[in-house]
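The values are calculated or read from the model by the stated rules, or taken from the named source; none is laboratory data. This is a predicted model, so every value here is computed, not measured. Don't worry about glycine lacking a Cβ; one is built from the backbone with ideal geometry, like all the others, and counts go over all protein chains shown.
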Amino acid sequence: MKGDPDLAVVREFLTGDPERKRDAIGKLYEKYQDRAFNTAYRITGDFNLAKDVIQDSFVAVWEKLPGFRTRSKFSSWLYRIVVNYSIERRRRVLRNSRHALEMSGDVAVLPDGSEPVDLRVDAPDRRLSNREFERKVQAAIDKLSPRLRPVVVLRYIEDRSYKEIGEILRCSIGTVKSRLNRAHAALEPLLHGVVREERESAFPRMGGGGE
Amino acid sequence: MSNVNIGCDWVREQLEDDLGRSLAVEAARDLDEHVAHCEACRRVRARQEMFARVFHELPRVSAPPDLLVQIEAEIERRASTPRRFRVLRFAAPIAATAIAATFLAIFVLHRARPDHVVLLREDVVCTSFADYELRDRLYKDNPFFSDTDPADAYYRILKEGWK
């Protein structure tokens with residue numbers, strides 16, 4: 001925990017004083033809420049699930065922080081909790097339902113592992129809206145296995161280094177790289193489809209004055 | 001011609017890391033030169049650029065404003081209820097041990113006939129010759145036979161047998 005920027009707040013929490021503990025949790029939440037939420041959202045693919053994950057994660061921080069004695073940083077520990085809870089939550093949803101659920105309506109969910117959206121170009125002259133673009137990219141992420149998804153989210157969305165990802169997922173840098181390679185192979189054709197569709201849909205706007 | 005000083009492995013590592021953006025000017029130039037002449041590395045760069053662009057364009061989703069309130073409420077709820085359970089967590093093994101110890105004590109004392117006082121042979125009060133005879137018979141096989149009245153014990157043994 002040496003050199004951990006959150007050390008002071010963690011120590012404040014460990015004083016045991018309920019008021020200071022509450023303050024410390026508030027500070028940690030303020031600092032990490034959005035990044036942690038975004039991570040949970042991208043791994044679960046659902047807004048409400050991400051909410052549950054973040055709630056559970058910070059409650060776990062409250063309960064388990066007194067036993068936090070690892071050499072890793074607090075942020076790595078928090079992300080580990082978030083990633084594990086996200087995978088677990090999503091797995092539970094998949095187990096409980098064999099049919100596609102529309103939980104929040106924001107982004108398609110894949111409760112049974114089926115394809116939620118068709119990534120092929122279905123209408124070349126249609127411009128991709130931001131929402132649709134997001135939905136398709138999220139669908140591509142959703143197609144990754146639970147082992148690969150966190151690596152991609154942490155690397156490309158959270159911009160974490162290999163070392164940090166290894167620390168969060170408790171694996172070696174070599175494992176992180178190998179998982180990323182597998183994720184690249186799986187994602188490349190899917191994202192190519194999205195990019196191609198986006199590019200094709202942009203032409204009518206540029207050429208003929210657009211819609 | 002591809003830069004012979006650097007290999008594809010190094011180039012791909014840089015590209016996959018951060019598209020070579022953190023490299024010093026000269027190393028970056030070497031990388032560019034290599035990529036310009038290496039079809040495989042060019043594909044890796046194109047792929048990494050696509051990933052970077054696509055994921056960069058993905059909007060960041062923020063936590064809902066009321067989430068902290070919900071978290072605090074949940075912590076409060078757990079902090080109030082588990083306190084009882086936390087007491088139980090320590091109390092339960094203590095209670096179980098106490099119960100087990102009680103049963104063990106009852107068992108041991110039952111075996112030792114706790115309702116009787118353990119008397120040594122010499123302590124048994126004998127008022128007649130018959131008492132002495134009875135006492136000697138009782139203590140013959142059981143040096144710690146317990147009873148205050150050898151006659152009562154004798155009749156009980158006759159009735160119930162040795163236990």
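For the range A:19-33, does any single residue satisfy the condition of being at the interface with chain B (Cβ under 8 Å from one of its Cβ atoms) and within 13 Å of the chain's Cα centre (by Cα)? Yes, the range A:19-33 has at least one match. Here A:Asp4, A:Asp46 are screened, and the one residue that is under 20 Å from A:Leu169 (Cα atoms), out of contact with any Cys (no Cβ under 6 Å at 6 or more places or on another chain) and among the acidic types (Asp, Glu) is A:Asp4. Filtering the range B:58-81 to residues that are farther than 18 Å from A:Glu63 by Cβ and touching a helix residue (DSSP H, G or I) at 6+ places or on another chain (Cβ under 7 Å) leaves B:Leu58, B:Pro59, B:Arg60, B:Val61, B:Ser62, B:Ala63, B:Pro64. When the test is whether a residue is under 19 Å from B:Phe55 (Cα atoms), modelled with pLDDT of 90 or more and within 14 Å of another protein chain (Cβ to nearest Cβ), A:Ile173 does not pass it. Against the numbered list (1) modelled with pLDDT of 90 or more; (2) within 30 Å of A:Val82 (Cβ to Cβ); (3) away from chain A (no Cβ under 14 Å), B:Ala100 comes up short only at (2). Only residues that are within 10 Å of chain B (Cβ to nearest Cβ), among the charged types (D, E, K, R) and crowded, with 18+ Cβ neighbours inside 10 Å: list them for the range A:34-51, please. Residues satisfying the conditions are A:Arg35, A:Arg42, A:Lys51. Evaluation of A:Ser72 against the conditions (1) closer than 24 Å to A:Arg91 by Cα; (2) more than 9 Å from chain B (Cβ to nearest Cβ) shows that the sole unmet condition is (1). Of the residues examined, A:Arg179 is not one that is more than 23 Å from B:Arg60 (Cα to Cα) and away from every other protein chain (no Cβ under 14 Å).
If the condition is being more than 13 Å from chain B (Cβ to nearest Cβ) and either within 10 Å of the chain's Cα centre (by Cα) or β-branched (Val, Ile, Thr) (or both), then the range A:52-69 contributes no residue at all.
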